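Beneath this line is the structure, given in structure tokens, with notes to follow.
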Amino acid sequence: MREPPQIAESWNAEYRRGRYADDPPVPFVSEILVTLRRHPEVWARSGLYVGCGNGRNFLPLVDGGARLHGLDISEEAIARLRQRRPDHPFPLAVGDFRTEAGDTAFGYVVAIQVFQHGTERDAAQYFDRTVEILPAGGLFCLRVNAASTEINNRHTVLERNRFGGFTVRYDEGPKCGLPVHFYSREELIALTEHNFEPVLGPREDITRRVPPKNGSWAQWEVIWRRIG
């Protein structure tokens, strides 16, 4: 399945408007580097960063020594990432992770705030594809929306599952018209229990919004090891 064109175009528009241009990396990046270094057999291999965007988190990982390939559905994001390091031949590609991750054998996968884009069915496909491309012992580093998030923008709930996860369609804001999934802890366990064991987390990172916005935004952060 390919992402509908409007999803890629929506992100192209966001990056043209400067999305993430001046944002620092999320603190989870440092913990990913520490964890990778504790697994030298994984650290020695190349990894895949899904949703690498304009490099906000990708570049700090590379600067920390990670050998990363980058993949994103947004041509604009990839172009801006290349502009930030014009002399560095990063292996970057535009495409949908579920179908276009390529045949490279990766030792680890990094996905920060990307496996939440789409419905519950899309979420399952992201996890299935990760299982397919990771060898036994490979690491899966994930940061993703938590169901405890207090959603600030006007939205419509599209679906709820038996684990407490749900999907909304935003009716305003930068993701207007797009489905976004919010995971419960139980849902993450159900998606990974047969193929992964936890190395770190899952833990919930909660951020209070800056007034005049209300409520809080929550993300799960977890690193798993592929079992085989």
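Every number in this text was worked out from the coordinates using simple rules, so none of it is lab data. Just so it is clear, the structure is predicted and the values come from calculations on it, not from any experiment. Quick reminder, even Gly has a Cβ in these numbers, built from the backbone with ideal geometry, and neighbours come from all protein chains shown.
Among the listed options (1) 16.7, 49; (2) 18.9, 54; (3) 18.2, 67, the one matching Rg and Dmax of the Cα atoms in Å as calculated from these coordinates is (1). Restricting to the stretch 71-177, what percent of DSSP beta bridges are antiparallel, rounded to 5? The antiparallel fraction comes to roughly 40 percent.
Secondary structure note: in the chain, about 60% of the DSSP beta bridges are antiparallel. Label sites at Glu75 and Glu197, each approximated as a point 7 angstrom past Cα along Cα to Cβ, lie 4.6 nm apart.
Approximating the spin labels as points 7 Å out from Cα along Cα→Cβ, the Ala44-to-Ile189 distance works out to 3.6 nm.
Charge dipole of the stretch 84-187 (Cα centre as origin; +1 on each Lys and Arg Cβ, -1 on each Asp and Glu Cβ, all else neutral): 240 debye, rounded to the nearest 20. Which of rounded, prolate, oblate describes the stretch 153-216, given a ≥ b ≥ c as roots of the alpha-carbon gyration tensor eigenvalues and a/c under 1.5 marking rounded, otherwise prolate only if a/b is larger than b/c? It comes out oblate by the Cα gyration axes. The shape of the stretch 1-71 comes out oblate: with a ≥ b ≥ c from the C-alpha gyration tensor, a/c is at least 1.5 while a/b does not beat b/c.
Taking other Cβ atoms within 10 Å as a rough exposure proxy, Cys176, Cys141 sort from fewest to most as Cys176, Cys141. Length available on full extension from Ala136 to Asp23: 0.36 nm per residue minus the Cα-Cα distance, which gives 37.3 nm.
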